[in-house]
Amino acid sequence: MKTKLTYFGHACFMLTNGDVSMIFDPFLTGNTWDIAKKEDIKCQYIFVSHGHDDHYGDTEFIAKANDALVISTAEVAGKAAAAGCRTHAMHLGGKYDFEFGSVRIVPAFHGAGVPGGHAAGCIVNFFGDIVYFAGDTALFSDMKLLNRFGDIDYALLPIGDNYTMGVEDAALAASYVKARISIPIHYKTWPVIDREPAVFTSLVEGKYNQTAVIIDPGSSIELNS
């Protein structure tokens, strides 16, 4: 059975395989893309990259409504646990096996959004598809090491600039990660991050000779494990 990736705009997306779903950075309430409501989401797992409102978002509502497990760094997981959510706390460099595969927490260079924490990305093995979710991050040279853990099938990279990498830095990041397919996220939610995803895909393909795909917010693609 193939995995489906659905993009809700900003940094929010979901992986679904059969009856198992995992949502990432579930910012739906207040998301100007307005693709889905928090009440629409059915999932067993939630990954949160950091504690800023446009990423932590509707974590608590969705977790409680679905009895979903919140997977994040210890500090963000602690915030969710204090709100009554089921959690699995991890931290940078850690890997843990779940029923769908595994999650490895990797660095992101950004604010944590919670006291004492650290922003993070993750490499998820979801039923055999290897997905790198960069979270909110600047470009950093150790992205070149991420594929040492195994070939990455899909890389979701922020391109909006101002708060994260811009288009040029994100294209260079794609060349470091060497995923089979790179996907731009975190753009056009607000005017300050109004960047064109087509410029990113053009750079990735034309300058670095790699493949990039735009998933329009509200759309889904099938992954190929």
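The values are calculated or read from the model by the stated rules, or taken from the named source; none is laboratory data. Here the structure is a predicted model, which is why all the values come from computation and not from measurement. Don't worry about glycine lacking a Cβ; one is built from the backbone with ideal geometry, like all the others, and counts go over all protein chains shown.
For LEU203, state whether it is under 26 Å from ASN224 (Cβ atoms) and under 17 Å from the mean Cα position of the chain (by Cα).
no
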Residue within the stretch 195-205 that is assigned to a loop (DSSP other than H, G, I, E, B) and within 20 Å of ASP136 (Cβ to Cβ) present: yes
The stretch 162-175 residues that are without any contact (Cβ under 8 Å) to a residue 60 or more places away in the chain, paired with ones that are among the charged types (D, E, K, R) and assigned to a helix (DSSP H, G or I) (beta carbon under 8 Å, 6 or more apart): none
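Find the strands (runs of 3 or more DSSP E) located wholly in the stretch 9-85 whose residues include 2 or more that are out of contact with any Gly (no Cβ under 9 Å at 6 or more places or on another chain) and more than 25 Å from ILE214 (Cα to Cα), and list them.
Result: 69-73.
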Boolean, ILE41 is hydrophobic (A, V, I, L, M, F, W, C) and farther than 21 Å from GLY113 by Cα: yes
Pair list, Cβ < 6 Å and 6+ apart or interchain, from the stretch 125-147 residues that are more than 19 Å from GLY113 (Cβ to Cβ) to residues that are at pLDDT below 95: GLY128/SER225; ASP129/SER225
Selection count, the stretch 82-136, where residues are under 14 Å from TYR56 (Cα atoms), over 17 Å from the mean Cα position of the chain (by Cα) and crowded, with 17+ Cβ neighbours inside 10 Å: 4
Complete set of residues in the stretch 178-210 that are out of contact with any strand residue (DSSP E or B) (no Cβ under 7 Å at 6 or more places or on another chain) and hydrophobic (A, V, I, L, M, F, W, C): TRP190, VAL192, ILE193, ALA198, VAL199, LEU203
Members of the stretch 127-163 that are in a strand (DSSP E or B), farther than 20 Å from GLY9 by Cα and touching a Ser or Thr at 6+ places or on another chain (Cβ under 6 Å): ASP129
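Identify all residues within the stretch 164-187 that are outside any strand (DSSP E or B) and closer than 15 Å to LEU146 by Cβ; write none if there are none. Can you show your working first?
Step one: of the stretch 164-187, the residues outside any strand (DSSP E or B) are 164-180, 186-187.
Hits for the stretch 164-187 are MET165, ALA170, LEU172, ALA173, ALA174, SER175, TYR176, VAL177, LYS178, ALA179, ARG180.
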Restricting the stretch 1-38 to residues that are surrounded by fewer than 23 Cβ atoms within 10 Å (Cβ to Cβ) and of a type in the set (Asp, Glu), the residue that is farthest from PHE126 (Cα to Cα): ASP34
